[in-house]
Each structure stands twice: as structure tokens, then as C-alpha cells.
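The values are calculated or read from the model by the stated rules, or taken from the named source; none is laboratory data. For clarity, every value in this text was computed on a predicted model and none was experimentally measured. Positions of Cβ are generated from backbone atoms using ideal geometry, with glycine treated the same way; all protein chains shown enter the neighbour counts.
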């Protein structure tokens, strides 16, 4: 059997399993299955490409969209039988279906991502935003995690279709404040690209970065955000002889007032050095992504080959060792990895028995995207390391959003 046929059969089995799981979930929550069945049959007849959606964390995103829409059947404004269907790919089909079922007014296409989100708490809020906005309310009047101005709303509602709602919200905030596209992209690649809590503090940070854009290299934006998040907001679980306890952030009242780029970068450098001395730690299960090994023969046939290897880091000690070797802040990502938000990989070169870290890679598991890749002192990847990164990303079907 040809590989593409095997893939189609495998994906169909995943779709069928997701449909069965959806019916079980509907029954458990005492929700009538009739709207789900009606939507499912209509989509199958009029927009089969919606079933091409990927499966992430055992959730088929197309089935998730139908399931979530069926839960809000009391808000439907039109019968499903009047939907003309869609020839668009699965994201466009989802937006078209949601617009038909819930939209008294037209909404931006990217807002359709609310319906296939699998983050229960965050995505549920987004679904309520969609319904309220589609009923006629201005988006900035909704109960949002950040204060949205009229200009931010305009930028937000014109966001590219590939962005998620929270990414689009953060991007709109940054651009409306005067950030460059480059700075906005650098922020979106970090954890605060979607984490919109502590909005007043982060808005002060954005103003600081915009005002000091010429003094802060764009490659330092990610480490700066990691530093601020770690010292001000992050509660970290730590294993002790008496069990697990939560370590509170060391400086919860840290303020940007009176800071200069030089003083802030000095604090970041001190923090980096301190990360290697942190004791205790966490461990987590490996991601479904596969390692990759490449051996390159040397000119001298008696010399051992040069070995390049992508390997996943799965505990705090490995992150600390990686950060100490490359002088960056990956050690602060242990809690994020433990929660399942990120997968951290190390690209290493080995000659004989000596392995040397070259590049540390962060994979956003939810988006299946490589969002950071940093070498020594946060240098951007280049040359052979960059080519290998692209090869590995292509093999694992990962987007690269550096």
C-alpha cells in the first residue's frame, strides 16, 4: 500500500475515534446529541475538507469545532440546513460554519479558531467572545484580559487568518503602541504571546522596549521576557525531602520604573548565571516528536564521524546543564515543560565521545511550531545548524516561527 493511502486510512480512523469520543462526552454532560449529529452530517455532505484538520493531543480539531458548536445550539441564529457549505480548507470551513450558525453580523475569519481550541479554560472564554461579537457587540467592549483601545481593535479585527485569537490580541496591542513588526514577532514567540495575564505590567514592558528599541537587540527580547516572567510571576513546584512545594516568585513587585536597558541586561546576565545553581527540579514525559541523528564521515577514514543529534530534554537538570553550556535561560522553562506547554530539544554535535550543545529549540506543542532556537548567548541559528533545523522540522511536520 502506498504511504499516502496509509496516511488517509490512519486519519480516517482518528476521525472516527474522535466522533465516538465526542458522543461519549456529550452523554456525560447530559447535552442532547442531536445538534452534533445534524452538524456532523451536514459538514460531511457539504464541507468534507473540515475532516482534514490535524489531531493534536488526541483531539481532532475539526471534530472539536463541531462538538463545541453543538454545545451552543441555543445561540444558533440559522438552521444548519441553510448552510451552503465551504470548499475552503478546514480552518476556513470552520469559520464559515460558525459564521452561519452564530453570526448576525460578519466576523473576522481568524476568530473561528475559538471553536477548535483545546485549552478548555481559555478557549471557552474565546467562544463566548465570538458569540457576543457576532451578535453585534464591539470586541473591545467585551470582558477581555487586556484593555483594548479603538486602534487596537481595528488592528486586531484585521489580523491574518493563521493567528489564534490571543496571539492576534497581543500583536494588536504591540502594533498599536508603536512596536515594529520585528519586535511584535519576537514577543509572540514567547510564552506571553498567548498568556495575557498581568496585562498592566506587560504593557509597561512593551512601552519600555519600544522606547529603547535602538539599545536592546531583538535577540534579547525573549531572554528579557523570560527573566521578567520568572522573577515576577512564576510559581515553580520544587521537590523537597518532605514532598513537592511551590516556590513563590522572588520579586513579585518588580517594576520597570527607573530601569535602563543597561541595568536590565545586567540583571538578566546575573540571573542566567544563577540558574545553573538552582537545586531540585521536575521531570516530564517525552513529546511524540522523534529524535534525529545524522552522521557525516570525516576526510580521514580513521577519524570518527561527526554526529549531529536532536535530543529532547525531559527534566530540570538537563535544562540547567544546557543553559549553563550555552549561557542562556532555558533552565527557567522547566515548569512550562512540566505543564505540557513546551517541548525543549537540543541539537548537539558529537565527535568521538565528546558531545557539544549547539542549539536549543523550543517547540510550542499546541501549535506544532518551533518558536525559538538559540545558540551560545542567544545567538540565532545559521549555517549547518539552521539547515538541520529545517530538515528536522520538515520531517516532524513542524512550522518554523522564529
**Item:** Condition check for residue 332: outside the structural domain of residue 217 (by TED's automatic domain parsing) and within 21 Å of residue 274 (Cβ to Cβ)
**Value:** yes
**Message:** Every residue in segment 168-195 that is touching a helix residue (DSSP H, G or I) at 6+ places or on another chain (Cβ under 6 Å) and outside any helix (DSSP H, G or I), please.
**Reply:** 178, 179, 190, 194
**Request:** Answer yes or no: is there a residue in segment 56-67 that is buried (at least 17 other Cβ atoms within 10 Å of the Cβ) and without any contact (Cβ under 8 Å) to a residue 40 or more places away in the chain.
**Result:** no
**Complete:** Given the conditions (1) surrounded by fewer than 17 Cβ atoms within 10 Å (Cβ to Cβ); (2) in contact with a strand residue (DSSP E or B) (Cβ under 7 Å, 6 or more places away or on another chain), every one holds for residue 360 apart from (1)
**Request:** For residue 244, indicate whether it is in the same structural domain as residue 330 (by TED's automatic domain parsing) and either modelled with pLDDT under 90 or assigned to a helix (DSSP H, G or I) (or both).
**Result:** no
**Item:** For residue 178: the one exception among (1) surrounded by 17 or more Cβ atoms within 10 Å (Cβ to Cβ); (2) closer than 20 Å to residue 155 by Cβ
**Value:** (1)
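Residues are listed down the side, and each one gets a yes or a no for (1) loosely packed, with under 12 Cβ neighbours inside 10 Å; (2) at pLDDT 90 or above:
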{"residue": "5", "(1), (2)": "yes, no"}
{"residue": "14", "(1), (2)": "no, no"}
{"residue": "17", "(1), (2)": "no, no"}
{"residue": "21", "(1), (2)": "no, no"}
{"residue": "40", "(1), (2)": "no, yes"}
{"residue": "46", "(1), (2)": "no, yes"}
{"residue": "52", "(1), (2)": "no, no"}
**Asked** Could you list, in sequence order, the residues of segment 287-309 that are in contact with a strand residue (DSSP E or B) (Cβ under 6 Å, 6 or more places away or on another chain) and closer than 19 Å to residue 340 by Cα?
**Response** 287, 291
